[in-house]
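A short worksheet on the structure shown next.
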């Protein structure tokens, strides 16, 4: 069973890479958003999920252990296989899925672009599993920031602004501000 692999990226395609480790090339499927950030002919470490089926073995790679844990949890939900889990994790960052599941709040997933049926399915499927994932405490502050940003987006959408322009405004402000102050700072940026 593989847990991590580190090596040189020798081939990069639309949904996978070939990672050469000790002269063996491993085909590893990645999140499209992770694929965009990596370059061919560089060395990289991936957290690996090794998927077994009757006549097939597939490797899925992730840039963080948290991504891998959430992928594995999604993959365990009835009716969600590895390809669907990869698609979900590409749409909604692992922090969003964790936060939504921990708070039993499907609306967070819907705001990330998932259908209400899929959001409910994920929340129900991860209900008992999410607390056992052992997500590092250092990431909790990141999740709280994410929750605050979702509140800012929701408030500004209520004022008629589009999600993309709100996200651009959020990128330009101090993310340590309180929600109310973030909204004020975003409004200043959006007014320009």
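The values are calculated or read from the model by the stated rules, or taken from the named source; none is laboratory data. Being a predicted model, the structure only gives us computed values, none of them experimental. Counting neighbours? That spans all protein chains shown, and the Cβs are built from the backbone with ideal geometry, glycine included.
So, in region 57-84, how many residues would count as being farther than 18 Å from residue 3 by Cα and free of Cβ contacts under 8 Å to residues at least 24 places away in the same chain?
3
Which residue, of 120, 110, is farther than 15 Å from residue 77 by Cβ, free of Cβ contacts under 8 Å to residues at least 24 places away in the same chain and in contact with a helix residue (DSSP H, G or I) (Cβ under 9 Å, 6 or more places away or on another chain)?
110
Considering only residues that are modelled with pLDDT of 80 or more and farther than 12 Å from residue 152 by Cα, look in region 174-192 and name the one that is surrounded by the fewest Cβ atoms within 10 Å (Cβ to Cβ).
191
Determine whether region 40-52 contains at least one residue that is out of contact with any strand residue (DSSP E or B) (no Cβ under 9 Å at 6 or more places or on another chain) and surrounded by fewer than 14 Cβ atoms within 10 Å (Cβ to Cβ).
no
Give region 123-135 a look and list any residue that's in contact with a helix residue (DSSP H, G or I) (Cβ under 6 Å, 6 or more places away or on another chain) and free of Cβ contacts under 8 Å to residues at least 60 places away in the same chain, or say none.
Correct list: 123, 126, 129, 130.
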